[in-house]
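To start, the structure under review is shown below, and the notes come after it.
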Amino acid sequence: MSSENANKGEDCLGWAARDESGVLSPYKFARRAVGSDDVSIKITHCGVCYAEVVWTKNKHGDATYPLVPGHEIAGIVQEVGSNVRGFKVGDHVGVGTYINSCRNCDYCNDGLEVYCEKGVVYTYNRLDVDGTMTKGGFSTYIVVCERYCFRIAESYPLASAAPLLCAGITVYSPMIRHKMNQPGKSLGVIGLGGLGHLAVKFGKAFGLNVTVFSTSTSKKEESLTLLGADNFVVSSDQEQMKAMAKSLDFIIDTVSADHSFDMYMLLLKTAGVFVMVGAPNEVKLSPMSLILGMKSISGSVAGGTKEMQEMLDFCAAQKIYPNIEIVPIQYVNEAIERLIKKDVKYRFVVDIENSLKY
Ligand SMILES: [Zn+2]
Ligand SMILES: [Zn+2]
């Protein structure tokens, strides 16, 4: 791909952050030409993930501007390379948080590319093997190797599919790894944002008894009625927490704000598993929280290509749909600010197809 863009102009229109203000505005750029293993995807929708806040505002100090974010991409195949076998023009597809990996290590060979030994290439703000900075889904189209592209069922709305590509896989992957798909077991979900609300839906689809933990009682009604959780606990209510002691087989913690871990470990049964998918500044807990009761604490990030396809197929078969608020690209800056304030139920999805135009 060394001759990238040789015969292409800057025909991709995106919205990019230009500096640490993180404010996005229209930006034209070139995508690479479609290689033999590539598919070119006309993007119809892109979800708004907290990663957008992190990178557009350079929270990790590694942002390269102009930066086109977006890694919950759904769209329609518009061109395929000569070697592509898995996709044809017109197929509904998605792209998630990464678009390349070494393709040769144990993890890549196991379909766990996100844990590639050489480091995965993120969908945006990373140097790709062809020397270009990757650019995400707040843009009219994207070119990716078919390995990092996923089938979306025709019957499944593309807008709904978008949040599955990051939020969905982030909770689905550890749920499968830790065998949370055993009907009758019990799951606690901490935090009710983009990730948490999908953990509740997957939990119910797996036949689990699901309890939502939130700092605010205001989420009770929606947890029980809208999302179908079995139980709701205000985490600051000592009595309610005490009543849950040793009652849970699993906990998924989606919260990125700093919080106590010990009080949740007490809620796990013997050999219970606590999975962290949020990113607080620090994890601090008493060793006794693990030792007494043989408990485990585990982390997880996104998921591999194999489980991504499984998850998308599972959602289509089970009719699991994220709760979304569809917005035009012109609203994306406001959407990001509202996401920071947790003012969304539960995922913004940008309608790229109908709002991002020349
Ligand atoms: Zn994300
Ligand atoms: Zn690898």
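The numbers here are math on the coordinates, done by the rules we state, and not lab data. Predicted model, so just to flag it, every value in this text is computed and none were measured. Backbone-built Cβ (ideal geometry, glycine too); neighbour counts: all protein chains shown.
Does anyone have the angle between helix 167-177 and the longest principal axis of the chain? Alpha-carbon axes, 0 to 90°, nearest 10?
Tilt relative to the chain: about 60 degrees.
If I model region 179-315 as equal point scatterers sitting on the Cα atoms and use the Debye formula, what is log10 I(q)/I(0) at q = 0.16, 0.22 Å⁻¹?
-0.81, -1.54
Determine, for each peptide in 86-94, 171-179, the mean count of other beta carbons within 10 angstrom over its residues, then list the peptides with the highest first. Let's see the in-between values first.
On the way: 86-94: 17.2, 171-179: 20.6.
My ranking of the peptides, most packed first, is 171-179, 86-94.
Tell me the net charge near Leu224. Cut-off is 14 Å between Cβ atoms, Leu224 excluded, with +1 for each Lys or Arg and -1 for each Asp or Glu.
Every neighbour counted, the sum reads +1.
Ordered by packing density, taken as the mean number of other Cβ atoms within 10 Å over each peptide's residues, highest first, how do 258-271, 193-206 rank? Walk me through the intermediate numbers first.
Numbers: 258-271: 16.6, 193-206: 25.5.
Peptide ranking by packing, descending: 193-206, 258-271.
How big is region 109-160 by the Kirkwood estimate over distinct Cα pairs, in Å?
Details: mean 1/r = 0.0758 Å⁻¹.
Evaluated over region 109-160, this radius sits at 13.2 Å.
Using the Cα centre of the chain as origin and beta-carbon charges of +1 (Lys, Arg) and -1 (Asp, Glu), tell me which of Val283, Gln330, Ser214 is placed farthest towards the positive end of the dipole.
Positive-most Cα among the choices belongs to Ser214.
So for the chain, what are the equivalent ellipsoid semi-axes in whole Å, largest first, each being the square root of 5 times an eigenvalue of the Cα gyration tensor?
Details: eigenvalues 255, 87, 73 Å².
Working from the Cα gyration tensor, I get semi-axes of 36, 21, 19 Å.
From the helices alone, meaning DSSP H stretches of at least four residues, give me the mean residue ellipticity at 222 nm for the chain, per-run term -39500 (n - 2.57), in deg cm²/dmol to the nearest 500. Mind dumping the intermediate values first?
On the way: 11 runs with 79 residues, N = 358.
So the calculated ellipticity at 222 nm is -5500 deg cm²/dmol.
Compute the projected area of the convex hull of the Cα atoms of region 9-73, averaged over all viewing directions, and report it in nm² to one decimal place.
Working: hull surface 20.1 nm².
Averaged projected area of region 9-73's Cα convex hull equals 5.0 nm².
Let's test this: bin the Cα-Cα distances of region 294-358 at 5 Å from zero up to the farthest pair and state each bin's percent.
Distribution as computed: 4, 13, 14, 14, 18, 20, 11, 3, 2, 1, 0, 0 percent.
In degrees between 0 and 90, to the nearest 10, how far off the longest principal axis of the chain does helix 305-318 point, with axes built from Cα atoms?
70 degrees
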